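Just so it is clear, none of the values below were taken in a lab; they were calculated from the coordinates. Keep in mind it's a predicted model, so treat the numbers as computed, not measured. Neighbour counts run over all protein chains shown; Cβ positions are idealised from the backbone, glycine included.
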Amino acid sequence: MSKKQSFLTKYIFSQDHKVVGVQYMILGLLMALVGGYLAYVFRYQLAYPNQSIPGYGVLEADKYNSAVTMHGTIMVFWVAMPILLSGFGNYLLPLMVGAKDMAFPKLNMLSFWVFFVSALTLISSFFVPEGAVGGGWTTYPPLMANPGFTGVGWGAPLWILAVALEFASMLMSGINFLTTTITMRAKGMTFFRMPLFVWMANVASLIFMFSVGPLIAGALMLLADQLFAVGFFLPEKGGDPLLFQHLFWFFGHPEVYVLLLPALGIVAEIITVFSRKSIFGYKMIIYSVLVAGVLSFLVWAHHQFVSGIDPRIAAPFGLTTILISVPFAITMFAYIASLWGGQVRFSTAMLFAISMIVEFLLGGVTGILNGATASDIYMHDTYFVVAHFHYTLFPIVFLTSFAGIYFWFPKIFGRFMNETWGKIHFWITAISANFVFLPLFFVGIAGNHRRIYDPSLFEHLKDFQYLHVISTIGLFVLIGAQVPFILNFFISMFKGKKATENPWEANTLEWQAPSPPGHGNFITDPVVHRWPYDYSLENTEKDWCPQTEAI
Amino acid sequence: MENKSKTKLLALILFIASEIMFFAGLLSAYWVIRSQIPNWPPPGQPRYPLEVTAFNSIILFSSLATLWMAEKKLSLKRNYLSWLIVTVAAGSCFLIIQGVEWFRLIQQGMGLIGNVYGGLFYVVVGVHALHVAAGLSVLIYLLLKSLKMKTAMESDSLQLGKVYWAFVVLLWPFIYVGLYVI
C-alpha cells in the first residue's frame with residue numbers, strides 16, 4: 001500500500017479483512033469472559049445453594065434466570081458466531097481462495113461495527129431497570145410476551161434489538177463470504193480445489209441467510225407484543241405461543257449447523273496438516289454437508305416434542321432428526337480415516353482438533369436419545385439435554401477455536417504461541433470440561449429439570465447434589481485453565497518465537513502469503529494447480545505440495 | 001467494472017433471498033394465527049380495505065412497468081429521466097394511499113393493543129411499506145444523482161435499483177391476496 005495509514009484506519013476502522021477477522025475474534029473472546037463469569041455465578045448457586053458467591057454476592061432467583069439466559073445468548077450469538085464464522089471466516093476465506101480482500105471491504109467494516117454496537121446493546125441490558133431478560137435464551141412467549149415477568153420491562157426489547165443488530169451484521173458477513181468465494185477466486189482455484197473450510201463457511205452462511213428470516217419475523221411480533229401488548233403469542237388474546245417456537249426453531253436448529261460447519265472446516269484443515277495425509281473423502285464430505293444443509297431445515301420441531309404439537313407432526317421430525325446424523329457420521333468417519341496411518345504430529349493445535357472430534361462424538365451420540373420422541377419425552381428440559389448440547393457446543397466453540405488460534409496464530413501475528421503452555425492449557429481444559437458436563441447427564445436422568453434455581457429443595461434430587469458439586473468444581477478448574485491461554489496469547493503476540501511463511505508445512509494458500517500478510521495479502525498473485533491436500537506424495541522430496549506448485 | 005457490478009447484483013440477490021424467507025415467515029405466522037380465529041374479521045372490526053387497495057396495487061404495478069421503460073430508454077441512450085420521475089411519483093402515491101388507509105382504519109377502531117387482527121395487518125403491511133420506502137429512497141437517490149450529473153447514469157446502478165424494486169412489487173400480490181382478498 002502506497003498510502004500511509006493512521007492507527008485509526010489500520011486497526012480500528014479497518015477495511016482489511018484480516019483486521020476485521022481479528023477484531024471479531026478478540027471481541028468474541030472478551031464476550032466469552034462475560035459468558036464464563038455468568039456460568040461461574042449460576043453453577044456456584046447450583047452446587048452451594050443460597051450462599052454468598054465470591055465476586056458476586058448472593059444470587060437471587062430472578063437474577064439466576066437472567067444469568068442463565070444471558071449465558072446462553074452470549075455464548076451462542078456473541079462468542080460462537082463471531083469467533084467461528086465471522087472471525088476465522090473473515091481472516092481465512094479471502095486468503096484461502098487467493099483473493100486480495102473481501103468483495104465488499106466497506107460492508108465488512110460496517111458488519112463488525114454493527115456487531116460491536118449489538119454487543120454493547122446486550123451488555124447494557126444488565127444495567128436497566130428490572131435487569132437483563134430472564135426468559136431463557138429461546139425467549140419463549142408467553143413468558144417473554146407478558147410484561148408481568150422477569151426482565152420484560154426493558155431487558156426483553158433490548159435483547160431483541162441486540163439480536164436483530166447481530167443478525168444484520170452476520171447477514172453482511174454472509175453476503176461477503178458468498179460473493180467473495182463465487183467471484184474472487186485466484187486463477188486455477190476451481191470449486192473442488194477449495195479448502196474444506198471455505199466450503200463449510202459458505203454452506204454455513206447460506207444456511208444462516210435462509211433460516212434467519214422467520215426468526216426476525218417472530219422477533220418483530222414478539223417486540224410488538226412487549227411494546228404494544230398486541231397478543232400475537234398470547235392465547236387469551238387469540239394468539240398462539242407455539243407459533244413462536246416454530247419460528248424460533250426454524251432458525252434455531254439450522255443455527256447449530258451454522259456453528260458446527262465452520263468448526264468442522266477448521267478441524268479438517270488442522271488434522272490434514274498434522275497427520276501429513278490427504279483428507280479422506282473430500283467430495284464425500286462436501287456432498288454430506290450439502291445434504292445436511294438441506295436437512296437442517298427439516299428438523300426444527302424436535303425441540304417441541306413436549307410442547308403439545310400433533311404426534312403426527314412429531315414422528316416425521318423424529319425421523320429427519322435421526323437422518324441428519326448420517327451425513328455428520330460420514331464426515332466424522334472421514335476425519336478419523338484421515339488420521340488413520342498418518343504420521344501424526346501432536347502440536348497443541350492438533351491435540352485440540354482431535355479432542356474436538358472425540359468430545360463432539362459424545363455430544364452427537366447422546367443427541368440420538370433426544371431425537372427419538374419416546375426417550376425425549378422423558379429427557380426433555382432436564383440436565384440431560386443441557387449436558388448433550390454442551391458436549392456438542394463446547395467442542396465446537398471452544399476446543400475448535402483454541403485449535404484454530406494455536407494453528408493460525410503464526411500467520412496472524414508472525415509469531416508462535418508457546419507450545420509447552422499450550423499443552424498445559426490443552427490437558428487441563430480437555431479433562432476439566434468432562435468434569436463439568438459429564439455429571440449433568442446423570443443429574444438429568446435422575447430427573448433434575450434444567451431451570452431449577454435450588455436443587456436442594458427437591459427430595460428426589462438430594463442424593464445427586466454431589467454431582468452438581470463435581471460439575472461446579474470442574475468449572476473452577478476449566479476457567480482457571482484459561483489464565484495460561486490468555487497470558488500466552490498476549491505475551492506471544494509480542495515476544496513469541498518468530499514464524500516463517502509456512503511454519504507447519506501446509507498446502508493451503510494462506511501459507512504462501514507472508515506472516516503476517518500485508519494489506520492485499522499476496523506478494524504475487526497466486527495461481528492454483530492442485531487441490532489443497534497433497535501430503536506425503538510418492539517421489540517427492542518434501543512431504544507437502546502447496547496449491548501453487550505445478551503438477 | 002463489469003465484474004464489480006455483477007458481484008453487486010449477486011450480493012443483492014442473496015439479500016433478497018433472505019428477505020423472501022423473512023416474508024415467508026411473516027405470512028405463515030399470519031396464516032397460523034388466522035386459521036385459529038373462527039370469525040375473520042372479528043366482530044366490530046373493519047374489513048381490510050379491499051377495493052382501494054386493488055386500485056393502489058395497480059399503481060404499484062405500473063411503477064414497475066415505468067421503471068422497466070426507464071431502463072430500456074437508458075440502454076438506448078434516450079431520455080429516461082421522465083420515466084424515472086413517473087416511477088418515483090407512482091411509488092410515493094402508493095405509500096400515501098396506504099398511509100391514508102391506515103388512518104381510516106385506526107379511526108374505525110382497528111387498534112393494536114390486544115388486537116391480533118389489527119396487529120397482523122399493521123405488522124405485515126407496515127413491513128412491506130418500509131420496504132417500499134427503502135426502494136423508493138434508492139430510486140430518488142438515483143434520480144437526484146443523474147439530475148446533478150447532467151449525463152446519463154451507468155445502467156448498472158439503475159439495474160440494481162430495478163431488481164430491488166421488482167422484489168418489492170412482486171411481493172405485494174402475495175400480501176394482497178393473502179390478507180385482503182381471501
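Any idea which of A:Y44, A:Y91, A:Y48 is of a type in the set (F, W, Y), crowded, with 19+ Cβ neighbours inside 10 Å and farther than 19 Å from A:F413 by Cα? Full working, then the answer.
Numbers: A:Y91 fails: farther than 19 Å from A:F413 by Cα; A:Y48 fails: crowded, with 19+ Cβ neighbours inside 10 Å.
A:Y44 is the lone residue from the list that is of a type in the set (F, W, Y), crowded, with 19+ Cβ neighbours inside 10 Å and farther than 19 Å from A:F413 by Cα.
Results for (1) over 20 Å from A:F167 (Cβ atoms); (2) part of a loop (DSSP other than H, G, I, E, B), shown as yes or no for each residue.
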| residue | (1), (2) |
| --- | --- |
| A:S14 | yes, yes |
| A:V22 | yes, no |
| A:M31 | no, no |
| A:N90 | no, no |
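What pairs can you find where one residue is in the range A:519-540 and more than 19 Å from A:L92 (Cα to Cα), the other is not in a loop (DSSP other than H, G, I, E, B), and their Cβ atoms are less than 6 Å apart, with a gap of 6+ or different chains?
A:Y535/A:W544
Give B:V125, B:V132, B:V168 a once-over and let me know the one that is surrounded by 13 or more Cβ atoms within 10 Å (Cβ to Cβ), within 14 Å of another protein chain (Cβ to nearest Cβ) and within 30 Å of A:F228 (Cα to Cα).
Working: B:V132 fails: within 14 Å of another protein chain (Cβ to nearest Cβ); B:V168 fails: within 14 Å of another protein chain (Cβ to nearest Cβ).
The match here is B:V125.
Collect the residues in the range A:233-249 that are more than 7 Å from chain B (Cβ to nearest Cβ) and within 30 Å of the chain's Cα centre (by Cα), keeping them in residue-number order.
To start, the set of residues in the range A:233-249 that are more than 7 Å from chain B (Cβ to nearest Cβ) comprises A:233-236, A:241-242, A:244-246, A:248-249.
Residues satisfying the conditions are A:F233, A:P241, A:L242, A:F244, A:Q245, A:H246, A:F248, A:W249.
Being within 9 Å of chain B (Cβ to nearest Cβ) and surrounded by 21 or more Cβ atoms within 10 Å (Cβ to Cβ) is the requirement here; does A:G213 meet it? Step through it out loud before you land on a result.
Numbers: within 9 Å of chain B (Cβ to nearest Cβ): yes; surrounded by 21 or more Cβ atoms within 10 Å (Cβ to Cβ): yes.
Taking the combined requirement at face value, the residue satisfies it.
Let's see how each residue does on (1) more than 30 Å from A:F426 (Cα to Cα); (2) of a type outside the set (S, T, Y); (3) free of Cβ contacts under 8 Å to residues at least 24 places away in the same chain:
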| site | (1), (2), (3) |
| --- | --- |
| A:K277 | no, yes, no |
| A:I286 | no, yes, no |
| A:G308 | yes, yes, no |
| A:G318 | yes, yes, no |
| A:T321 | yes, no, no |
| A:F328 | no, yes, no |
| A:G341 | no, yes, no |
| A:R345 | no, yes, no |
| A:T348 | no, no, no |
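With respect to A:V230, is the statement that it is buried (at least 24 other Cβ atoms within 10 Å of the Cβ), part of a helix (DSSP H, G or I), within 13 Å of another protein chain (Cβ to nearest Cβ) and of a type in the set (V, I, T) true? Even if it seems obvious, please write down each step before you answer.
Values: buried (at least 24 other Cβ atoms within 10 Å of the Cβ): yes; part of a helix (DSSP H, G or I): no; within 13 Å of another protein chain (Cβ to nearest Cβ): yes; of a type in the set (V, I, T): yes.
Judged against the criteria, A:V230 is not a match.
Output the number of the condition that A:I175 fails; it satisfies all remaining conditions of (1) in a helix (DSSP H, G or I); (2) more than 7 Å from chain B (Cβ to nearest Cβ).
The failed condition is (2).
Could you tell me whether any residue of the range B:45-60 is without any contact (Cβ under 8 Å) to a residue 40 or more places away in the chain and within 14 Å of chain A (Cβ to nearest Cβ)?
Within the range B:45-60, not a single residue is without any contact (Cβ under 8 Å) to a residue 40 or more places away in the chain and within 14 Å of chain A (Cβ to nearest Cβ).
Only one residue in A:M184, A:M200 is surrounded by fewer than 24 Cβ atoms within 10 Å (Cβ to Cβ), more than 21 Å from B:L27 (Cα to Cα) and either within 14 Å of chain B (Cβ to nearest Cβ) or under 23 Å from the mean Cα position of the chain (by Cα) (or both), so which one is that?
Result: A:M184 is the single residue among A:M184, A:M200 that is surrounded by fewer than 24 Cβ atoms within 10 Å (Cβ to Cβ), more than 21 Å from B:L27 (Cα to Cα) and either within 14 Å of chain B (Cβ to nearest Cβ) or under 23 Å from the mean Cα position of the chain (by Cα) (or both).
Please state which of the following conditions B:M110 fails to meet, knowing it meets all the rest: (1) crowded, with 16+ Cβ neighbours inside 10 Å; (2) in a loop (DSSP other than H, G, I, E, B); (3) at the interface with another protein chain (Cβ under 10 Å from one of its Cβ atoms); (4) of a type in the set (A, V, I, L, M).
Of (1) crowded, with 16+ Cβ neighbours inside 10 Å; (2) in a loop (DSSP other than H, G, I, E, B); (3) at the interface with another protein chain (Cβ under 10 Å from one of its Cβ atoms); (4) of a type in the set (A, V, I, L, M), only one is false for B:M110: (3).
Within the range B:121-130, can one find any residue that is among the β-branched types (V, I, T), more than 12 Å from the chain's Cα centre (by Cα) and under 14 Å from B:P49 (Cα atoms)? Break it down into steps so the answer makes sense when it comes.
Taking the range B:121-130 and keeping what is among the β-branched types (V, I, T), we get B:123-125, B:127.
Now restrict to residues that are more than 12 Å from the chain's Cα centre (by Cα): B:123.
Next, only the ones that are under 14 Å from B:P49 (Cα atoms) stay: none.
For the range B:121-130, residues among the β-branched types (V, I, T), more than 12 Å from the chain's Cα centre (by Cα) and under 14 Å from B:P49 (Cα atoms): absent.
Starting from the range A:290-304, take each residue that is buried (at least 20 other Cβ atoms within 10 Å of the Cβ) and list its partners that are among the acidic types (D, E), counting only C-beta distances under 8 angstrom and pairs at least six apart or across chains.
A:H302/A:D376
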